[in-house]
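Novice: Sharing a structure with you now.
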Amino acid sequence: PMQQLIADYLSEGRLDAHLNTLREVYRERKQAMLAALAEAFGQDVEATDPEGGFFLWLTLRGRYAAIHSEKLFPIALAHGVAYIPGPAFSDSGAFADALRLCFATSTPARIAEGVQRLHAALEEALASGDAR
């Protein structure tokens, strides 16, 4: 029965409609994150604008450039936001000034809140010097 259900779903063209819906949802979430980052950080961060996927790569610039993303991580968690530190993507510890953010699993409102929490964490790290 399950195979027949899937066969019917595919033959009726419903998969394409579902994928188009998902693409729109993820596009909206990605745009929400890019807009929230631009508003919160201006030129002090640089974010990728991927054509696909679920993540943005954020590089700390300007006043945040000296902050190490692994050292920032516990501060960010205390503010209720998580990310993957850049060095997790390097066998040599490169990308200390970068982090990967997921936009796929949160609504635009939660994304905006998460970016504000990340901003608060970065400001705390900058003020305390604990993430350098």
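Novice: Name the residue that is surrounded by the most Cβ atoms within 10 Å (Cβ to Cβ), counting only residues in the stretch 37-46 that are under 14 Å from the mean Cα position of the chain (by Cα) and without any contact (Cβ under 8 Å) to a residue 40 or more places away in the chain.
Specialist: It comes out as VAL45.
Novice: Go through (1) open to solvent by less than 80 Å² (accessible area, probe 1.4 Å); (2) closer than 25 Å to ASP49 by Cβ; (3) in contact with a helix residue (DSSP H, G or I) (Cβ under 7 Å, 6 or more places away or on another chain) one by one and return the number of the condition SER90 breaks.
Specialist: (3)
Novice: Moving on. May I ask you to say which residue of LEU56, LEU34 is open to solvent by 30 Å² or more (accessible area, probe 1.4 Å) and of a type in the set (A, V, I, L, M)?
Specialist: LEU34
Novice: Any residue at all in the stretch 67-84 that is under 20 Å from ALA38 (Cα atoms) and charged (D, E, K, R)?
Specialist: Looking for residues that are under 20 Å from ALA38 (Cα atoms) and charged (D, E, K, R), one finds none in the stretch 67-84, hence no.
Novice: Any residue that is in contact (Cβ under 8 Å) with a residue 12 or more places away in the chain and either out of contact with any Gly (no Cβ under 7 Å at 6 or more places or on another chain) or surrounded by 14 or more Cβ atoms within 10 Å (Cβ to Cβ) (or both) - is there at least one of those in the stretch 14-25?
Specialist: Looking for residues that are in contact (Cβ under 8 Å) with a residue 12 or more places away in the chain and either out of contact with any Gly (no Cβ under 7 Å at 6 or more places or on another chain) or surrounded by 14 or more Cβ atoms within 10 Å (Cβ to Cβ) (or both), one finds none in the stretch 14-25, hence no.
The values are calculated or read from the model by the stated rules, or taken from the named source; none is laboratory data. Given the structure is predicted, the values throughout are model-derived calculations rather than measurements. Neighbour counts are summed over all protein chains in view; Cβ atoms, including those assigned to glycine, are modelled from backbone coordinates with ideal geometry. With ligands, DNA and RNA removed, areas are computed over all heavy atoms of the protein, side chains included. Shrake-Rupley method; radii C 1.70, N 1.55, O 1.52, S 1.80 Å.
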